[in-house]
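Values quoted throughout were computed directly from the atomic coordinates according to the rules given, and no laboratory measurement underlies them. What you are looking at is a predicted structure, and each value in this text was computed from that prediction instead of being measured. All Cβ positions, even for glycine, are placed from backbone atoms using ideal geometry, and neighbour counts span all protein chains on display.
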Amino acid sequence: REWVRKYTLDNGLLESKQKRGAEDKDQQRVYQLYYDFSQQIKRVRNHQVLALNRGEKENVLSVNVRVDVAAIERYLKFRLVGSRTGAAADVLTAAANDAYKRFIAPAIEREIRKSLTDVAATDAIKVFGKNLYHLLMGAPLRGRVVLGFDPGIRTGSKLAVVDENGRFLEKAVIYPHKAAKYDPQGAKKVIIGLVKKYGVSLVAIGNGTASRESQTFIADIIKTDLPTLQYVVVNESGASVYSASDVARAEFPDLHVEERSAISIARRLQDPMAELIKIDPQAVGVGQYQHDLPTKELDAELNAVLETAVNQVGVNLNTASPQLLEHIAGLTKTTAANIVTYRDENGPFTTRTELKKVPKLGPKAFEQAAGFLRIPDGKNVLDNTDIHPESYGLASTLLKETGSQPGPSSANVLQALANPAEAERLQVGLPTLTDVIESLTHPGRDLRDGTEGAILRTDVLSVKDLKPGMQLQGTVRNVVDFGAFVDIGVHEDGLVHIKNMVKTDRKTRHIETVNPYNYVAVGDIVTVWVKEVDVQRARIGLSMVPIVAD
């Protein structure tokens with residue numbers, strides 16, 4: 001059995017065919033690549049395994065393992081009877097062949113398929129986690145009043161204005177697209193009115209149904225009436241899930257689902273982490289085949305990613321939602337809710353130590369959480385740093401001895417103290433001293449500020465405008481085993497296949513073989529060239545390697 005398993009793994013093929021009479025969903029023939037697919041088992045890729053599994057589950061594909069049965073039968077005969085002949089030898093050979101065909105071969109095929117699926121699922125979970133992390137760590141767009149635009153046709157497009165801090169100001173419904181209540185002039189008047197009333201400088205347009213038409217509508221208004229206005233296409237995956245959730249109902253009990261969605265789209269642009277944290281990670285659309293993955297393992301990975309991202313950035317104790325707070329180390333769903341209740345009843349926190357008054361938040365929880373909770377306008381400037389209260393004495397000593405104040409202006413003076421001799425004098429570890437000095441020179445720092453923000457647009461591009469060789473800028477929306485999907489401002493994201501990421505003569509099979517730290521990440525702004533366009537199937541092939549147009 002061990003020999004047969006190894007021979008099958010080394011020499012077998014994983015094959016698939018389209019089932020007779022089976023129809024591919026959405027008429028887009030999403031499994032077309034696997035209608036007549038054959039690959040060596042040891043060379044099959046993880047995303048191919050997951051695609052084959054889903055196609056089989058949806059009764060579009062039939063999948064099987066094929067191996068040279070005659071070679072296996074020759075081996076079995078050699079092991080059992082060798083060169084002997086006669087009736088007994090024939091019986092043993094026939095029994096072995098029958099056992100292989102009816103029992104061993106199907107069992108080994110199941111083992112191989114399960115092993116391939118387990119490896120593929122583990123890899124997909126890691127990919128999902130990395131993508132979610134980069135999505136959460138997207139650069140916030142601060143200081144802009146934003147108009148959220150949730151496109152729709154039959155029921156109209158929903159609008160919501162939020163101020164610089166994400167506070168909801170006003171809502172509206174317009175009908176700019178051809179439908180029963182088609183009113184483009186009225187829609188234009190509403191947009192202009194809201195922009196002028198609240199000083200809106202940016203429109204966040206969801207990328208769902210009618211997004212293409214909505215972009216054209218806003219671009220025309222910018223061209224004729226509001227030349228300083230800009231727009232951004234926002235990935236609205238999960239916005240509808242949030243809008244119908246208990247969290248959204250508690251936050252906006254008087255609004256309809258669609259109106260909450262427009263608020264979510266606007267806020268997602270202002271602070272991706274604060275808004276996305278309210279949504280089930282599986283609904284944000286940055287993985288591959290996530291609905292086919294083991295739920296327990298996927299949840300564990302995503303929860304770890306959420307906690308890592310939130311704690312690396314830290315949160316504003318006086319504005320953070322319960323959903324954001326519960327991912328802070330040391331806090332639970334209950335203590336996060338109690339913090340918000342205490343804040344509502346007693347006003348904003350003025351010091352970190354005030355947290356000790358929150359019900360059920362004990363000394364251990366305070367010790368774990370305090371360093372990740374910021375108070376920008378508190379009594380103590382150190383409360384707006386990631387310095388833990390246990391190190392406030394050290395921070396105060398450094399400031400007093402150097403006559404400095406927290407901020408970049410003190411960087412040179414303070415950083416001169418980051419050496420082993422000073423650490424020994426102050427009786428602290430050098431890493432602790434270095435971290436405290438770094439925090440003092442950057443109070444209120446946010447790791448996300450160093451990343452590139454969204455691409456702001458004023459005009460619109462159609463898939464029909466795309467030509468091979470055209471150079472564009474885009475935002476990476478998803479990274480998978482075989483490449484990256486990039487938003488270039490048309491309705492469909494384009495695919496940069498891994499072979500089109502860097503110039504190489506060798507065959508690259510997985511994205512991490514290009515760069516062990518990932519060549520691109522979700523949210524990156526990249527320059528791409530159009531490689532090919534299939535308008536009928538809505539497929540766009542892109543390249544990060546320059547292409548010269550014919």
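Place the peptides 362-369, 158-165 in order of packing, highest mean first, counting for every residue the other Cβ atoms within 10 Å and averaging per peptide.
Working: 362-369: 14.9, 158-165: 21.0.
So the order, starting with the most tightly packed, is 158-165, 362-369.
Between Asn380 and Ala538, what is the spin-label point distance in nm, taking each point 7 Å from the Cα along the Cα→C-beta axis?
Each label point lies 7 Å from its Cα, and together they span 5.5 nm.
Cβ neighbours within 10 Å, averaged per peptide: list 388-398, 207-217 in order, most packed at the top.
Numbers: 388-398: 16.5, 207-217: 20.4.
The peptides rank, most packed first, as 207-217, 388-398.
Contact order normalised by length for the chain, with contacts defined as Cα pairs under 8 Å and 6 or more residues apart; what percent is it? Write down the numbers at each step before the final one.
Numbers: 916 pairs, mean separation 64.2, N = 550.
It comes to 12 percent, rounded to a whole number.
Around Glu438, under 13 Å between beta carbons, what's the net of Lys plus Arg minus Asp minus Glu among the other residues?
Working: positive: Arg445; negative: Asp386, Asp435.
Charge balance near Glu438 sits at -1.
Given charges of +1 on the Cβ of Lys and Arg and -1 on the Cβ of Asp and Glu, with all other atoms neutral, how large is the dipole of the chain about its Cα centre, in debye to the nearest 20? List each step's numbers first, then the result.
Details: 70 positive and 68 negative charges, 311 e Å.
Magnitude of the dipole: close to 1500 debye.
Among Ala411, Ile375, Asn338, whose Cα sits farthest toward the positive end of the charge dipole of region 295-448 (+1 at Cβ of Lys/Arg, -1 at Cβ of Asp/Glu, about the Cα centre)?
Asn338
Give me a comma-separated list of calculated 3J(HN,Hα) values for region 519-529, in order, Karplus coefficients 6.51, -1.76, 1.60 applied at θ = phi - 60°, integers in Hz, x for any Gly or Pro.
These are the phi-based 3J(HN,Hα) values: 5, 9, 9, 4, x, 5, 9, 10, 9, 10, 10 Hz.
Applying the Karplus parametrisation 6.51 cos²θ - 1.76 cosθ + 1.60 with θ = phi - 60° to the phi angles of region 60-65, what ³J(HN,Hα) value in whole Hz is obtained for each residue in order, glycine and proline being reported as x?
9, 10, 10, 10, 8, 9
In whole Hz and in residue order, list the ³J(HN,Hα) couplings for region 148-156 that follow from phi through the Karplus curve 6.51 cos²θ - 1.76 cosθ + 1.60, θ = phi - 60°; x for Gly and Pro.
Karplus values, whole Hz, x for Gly and Pro: x, 10, 9, x, x, 10, 5, 9, x.
Take the Cβ-Cβ distance between Lys296 and Ser201 as r, set R0 to 45 Å, and report the resulting FRET efficiency rounded to the nearest 0.05.
Working: r = 45 Å, r/R0 = 0.99.
Efficiency computed from Cβ-Cβ geometry: 0.50.
What does the charge count around Glu56 come to, taking other residues whose C-beta lies under 10 Å from its C-beta (Lys +1, Arg +1, Asp -1, Glu -1)? Before the final figure, lay out the partial values.
Working: positive: Lys19, Arg54, Lys57, Arg113; negative: Glu58.
Counting the neighbours of Glu56, the net charge comes to +3.
When the gyration tensor of region 213-270 is built from Cα positions, what are the square roots of 5 times its three eigenvalues, in whole Å, from largest to smallest?
Details: eigenvalues 151, 24, 19 Å².
So the equivalent ellipsoid measures 28, 11, 10 Å along its semi-axes.
Ordered by packing density, taken as the mean number of other Cβ atoms within 10 Å over each peptide's residues, highest first, how do 57-69, 303-315 rank?
Numbers: 57-69: 15.5, 303-315: 18.2.
Averaged packing, sorted descending, gives the order 303-315, 57-69.
In degrees between 0 and 90, to the nearest 10, how far off the longest principal axis of the chain does helix 430-441 point, with axes built from Cα atoms?
Value to nearest ten degrees: 60.
Out of residues 5 or more away from Asn316 or on other chains, whose amide H comes under 5 Å of its own, with H placed 1.01 Å from N in the peptide plane?
The answer is Arg374.
Rounded to the nearest 0.05, what FRET efficiency do Thr122 and Ser396 have when you use their Cβ-Cβ distance and R0 = 30 Å? Please report the intermediate quantities before stating the final value.
Working: r = 48 Å, r/R0 = 1.59.
Efficiency at R0 = 30 Å is approximately 0.05.
Out of residues 5 or more away from Asn478 or on other chains, whose amide H comes under 5 Å of its own, with H placed 1.01 Å from N in the peptide plane?
Result for Asn478 returns Phe485.
Gain in length, Thr216 to Gln405, computed as 0.36 nm per residue apart minus the alpha-carbon separation, to one decimal in nm? Present the calculation step by step, with values, prior to reporting the outcome.
Numbers: separation 189, 0.36 × 189 = 68.04 nm, distance 5.03 nm.
Taking 0.36 nm per residue and subtracting the Cα distance, the gain is 63.0 nm.
Using helices alone, I'd like the mean residue ellipticity at 222 nm for the chain: each DSSP H run of four-plus residues gives -39500 (n - 2.57), total over residue count, nearest 500. Present the calculation step by step, with values, prior to reporting the outcome.
Working: 19 runs with 217 residues, N = 550.
Taking each H run of at least 4 residues, the total per residue is -12000 deg cm²/dmol.
Cut-off is 10 Å between beta-carbons; in what order do Ser439, Ser264, Ser409 appear when sorted fewest neighbours first?
Values: Ser439 21, Ser264 30, Ser409 10.
Ranked by crowding around the Cβ, least crowded first: Ser409, Ser439, Ser264.
How far is helix 211-224 tilted, in degrees, relative to the longest principal axis of the Cα atoms in the chain, given as a value from 0 to 90 rounded to the nearest 10?
Once rounded, the angle reads 40 degrees.
Net charge near Leu226, counting Lys/Arg +1 and Asp/Glu -1 over other residues with Cβ under 14 Å of its Cβ? Intermediate results must be reported in sequence, preceding the final value.
On the way: positive: Lys188, Lys189, Lys196, Lys197, Lys223, Arg457; negative: Asp220, Asp225, Asp459.
Residues near Leu226 contribute +3 overall.
Using only the Cα atoms of the chain, construct the convex hull and provide its projected area averaged over every direction, in square nanometres to one decimal.
Taking the Cα atoms of the chain, their convex hull projects to 36.3 nm² on average.
Out of residues 5 or more away from His491 or on other chains, whose amide H comes under 5 Å of its own, with H placed 1.01 Å from N in the peptide plane?
Amide H neighbours of His491: Val463.
May I ask you to derive the relative contact order of region 2-136, considering only C-alpha pairs under 8 Å and at least 6 residues apart, and to give it as an integer percent? All intermediate terms of the calculation are to be shown ahead of the outcome.
Values: 118 pairs, mean separation 37.9, N = 135.
Taking the mean separation of contacting Cα pairs over the length of region 2-136, I get 28 percent.
For the chain, what proportion of DSSP beta bridges, expressed in % and rounded to the nearest 5, is antiparallel? Don't skip to the answer; put the middle values down first.
Details: 42 of 55 bridges.
Among the beta bridges of the chain, antiparallel pairing accounts for roughly 75 percent.
Given R₀ = 41 Å, FRET efficiency for Gln368-Val257 by Cβ-Cβ distance, to 0.05? Spell out each step's value before the answer.
Working: r = 37 Å, r/R0 = 0.90.
E between Gln368 and Val257, to the nearest 0.05, is 0.65.
Could you state the angle between the C-alpha long axis of helix 184-198 and the longest principal axis of the C-alpha atoms of the chain, as a value from 0 to 90 degrees rounded to the nearest 10?
The helix 184-198 is inclined about 50 degrees to the chain.
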